[in-house]
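Values quoted throughout were computed directly from the atomic coordinates according to the rules given, and no laboratory measurement underlies them. Not measured: the values here are computed from a predicted model. Note that we place each Cβ from the backbone using ideal geometry, even for glycine, and neighbour counts take in every protein chain shown.
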Amino acid sequence: MPTWVSAIIIVVSLLLIAWNLSRAKDARWRRDYRSVLRALRWWMLPGALLTLAVVIGVTQALWQIPALRTGWWNLAGGVGNVYLGQTSNEGIGWRLTALAVPLLLALILPIAAFAEESIFRSGLEDQSWGVRIGRQVVFGFLHCLLAGVPLAAGFAISVAGGYYAAVYLAAYRAEARANPDRVLVGPGPGERWEDWVRQADQAVERGADAQRGAVVTAAAAHLTFNAIILTVVIVAAAIAV
């Protein structure tokens, strides 16, 4: 594949990263970004390392199937995930690109994790196990479609999605236990409908707060996992330069 194809794809990736950074002027973007950083906990590091070991093991096992080694980014001369900027192309320019792209990606890592958790984990508490598993499979294979990772890696990333789902559900249940809702029935004698409606609205708000808190916690776990990978990539790229 001509090197100009890799170049165009990386430019598009950089434009998407730049677009994300341009949203930093939005107050909600900054709030979500800071919330993920504040939610980081020590236990997320061993959790991420264990999950990464499982993901690598699953990828290696599936790599034995030739058809699962295919990804559109490696067909274009890339390596791994397109947003990491790694290619098999030779030259100092490509080596500098392999360092610059992940450094820029690091700036949006918290908000990217929050966005993915909002899409793939939010609302799991109300869904069946079949739907929960299906959403994690979709999560993995969207990495094949949007980030160009090989099919084997897409399968394995679904496992990581399962870890984030477990973190989300545990965090949601903890939030729900901390702020239990009493069962609401229609207003009784002497009670006003307005009071009942206000209580119902408050219960809905507490549920939304619990859901957002769980998304933030899962995003922090997701960020930890991604940060480990990104650190390895940046160090390797710096050594190569």
Exercise. What residue among ALA160, ALA174, ALA218 shows peak mean-square fluctuation when the chain is described by a Gaussian network model with Cα springs under 10 Å?
Worked result: ALA174
Problem set entry | Candidates TRP94, TRP29, TRP42, ranked by Gaussian network fluctuation over the chain, Cα under 10 Å, top entry | TRP42
Exercise. Between (i) 19.2; (ii) 17.8; (iii) 19.8, which matches Kirkwood radius over Cα pairs in Å calculated for the structure shown?
Worked result: (iii)
Exercise. Roughly speaking, what is the stretch gain from GLN127 to LEU75, that is 0.36 nm per residue apart minus the C-alpha to C-alpha distance, in nm to one decimal?
Worked result: 15.0 nm
For this session: Please list the non-local residues whose amide H lies under 5 Å from the amide H of THR87, H modeled 1.01 Å from N, same-chain partners needing a gap of 5 or more.
Result: VAL79
Exercise. Gaussian network model of the chain, Cα springs within a sub-10 Å range: biggest mean-square fluctuation belongs to which of ASP32, ASP126, ASP209?
Worked result: ASP126
Exercise. Angle between the Cα long axis of helix 92-120 and the longest principal axis of the chain, 0 to 90 degrees, nearest 10?
Worked result: 20 degrees
For this session: Compute the distribution of all C-alpha to C-alpha distances in the range 1-90, in bins of 5 Å from 0, and list the percent of pairs in each, rounded to whole numbers.
Result: 3, 11, 13, 13, 15, 18, 16, 9, 3, 0
Exercise. LEU169 to ALA18: FRET efficiency via 1/(1 + (r/R0)^6), r the Cβ-Cβ distance, R0 35 Å, to the nearest 0.05?
Worked result: 0.50
Exercise. Relative to the longest principal Cα axis of the chain, at what angle does helix 151-178 sit, 0 to 90 degrees, rounded to 10?
Worked result: 20 degrees
Exercise. Tell me, what ³J(HN,Hα) does each residue in the range 64-80 have, in order and in whole Hz, if you take phi through Karplus 6.51 cos²θ - 1.76 cosθ + 1.60 with θ = phi - 60° and put x for Gly and Pro?
Worked result: 5, 9, x, 5, 8, 7, 7, x, 5, 6, 6, 5, 8, x, x, 10, x
Seminar exercise, completed: When VAL82, VAL137 are ranked with the fewest other C-beta atoms within 10 Å first, the list becomes VAL137, VAL82
Exercise. Longest span of the chain, sites excluded, free of GluC sites (Glu not before Pro) in DSSP loop with at most 13 other C-beta atoms within 10 Å?
Worked result: 91-190
